[in-house]
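Student: I'd like to ask some things about the structure below.
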C-alpha cells in the first residue's frame, strides 16, 4: 500500500504542477522532456510525454489504494486494476494533448486559387486609387474576407465581382459582374 500511496501523491503533485505551468506559461511549442513519438509527421502522437507518464502514476496510485483499502482486493488483482486504470489515464492525457496541439495548427492558403472566381462585395470598394474595400471569396477551399480594389468604378456592397488577379501585397483586383 505504501508504494501505491507514493505513486498517487507523487504523480498527483507533479501532474498538478505540470498542468499549472502549462496553463500559465503555455507549452512553448512542444515539450522539452524527451517525448517519444509513435507516428511521424505534423500530428505526431506523443504517448510517452511527461504529462502522460504523470497521469499514469497518478491513476495507478489512486486506483491501487482504492482496490487494496476500499475493495479489499488481492495484491495481484489490485496491481492489474491499477495498471489498467493508469494506462487509460495515460491514453486520455495523450489524446487531450494531441487535440490541444491541433488547435494551435496554422492553416496556409494560396490567394491565387481565387483568381477567376466570383466574389461578393462585403464592404464597398472605392474607385481605383481611393483605397480598398472587402470581398468575400473562396480561397483554397475556405471562405475568406479579403481586401480588394476595383479596376475603375466604385462597387457597392452585396454586388458580385470577378477576381482578376492578386497583387504581391495580397490585395485582390476585381471587376463588377454585369
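Student: Tell me whether region 131-138 contains one or more residues that are in a helix (DSSP H, G or I) and in contact (Cβ under 8 Å) with a residue 12 or more places away in the chain. So that I can check it myself, show each step before the final result.
Tutor: To start, the set of residues in region 131-138 that are in a helix (DSSP H, G or I) comprises none.
The answer is no; no qualifying residue exists.
Student: Something else: Looking at 34, 43, 11, 28, which is the one that is modelled with pLDDT of 50 or more and not in a helix (DSSP H, G or I)? Let's see the steps before the verdict.
Tutor: Details: 34 fails: modelled with pLDDT of 50 or more; 43 fails: modelled with pLDDT of 50 or more; 11 fails: not in a helix (DSSP H, G or I).
From the options 34, 43, 11, 28, the qualifying one is 28.
For every residue, the table says whether it meets (1) in a loop (DSSP other than H, G, I, E, B); (2) in the same structural domain as residue 51 (by TED's automatic domain parsing); (3) under 31 Å from the mean Cα position of the chain (by Cα); (4) farther than 30 Å from residue 57 by Cα.
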position	(1), (2), (3), (4)
96	no, yes, yes, no
116	yes, no, no, yes
129	yes, no, no, yes
146	no, no, yes, yes
153	yes, no, no, yes
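Student: Quick one: in region 126-153, which of the residues that are touching a strand residue (DSSP E or B) at 6+ places or on another chain (Cβ under 6 Å) and within 16 Å of residue 178 (Cβ to Cβ) is modelled with the lowest pLDDT?
Tutor: Among those residues, the one meeting the criterion is 151.
The values are calculated or read from the model by the stated rules, or taken from the named source; none is laboratory data. Quick caveat, the model's predicted, so the values are computed rather than measured. Please note: Cβ atoms are built from the backbone with ideal geometry, for glycine as well, and neighbour counts cover all protein chains shown.
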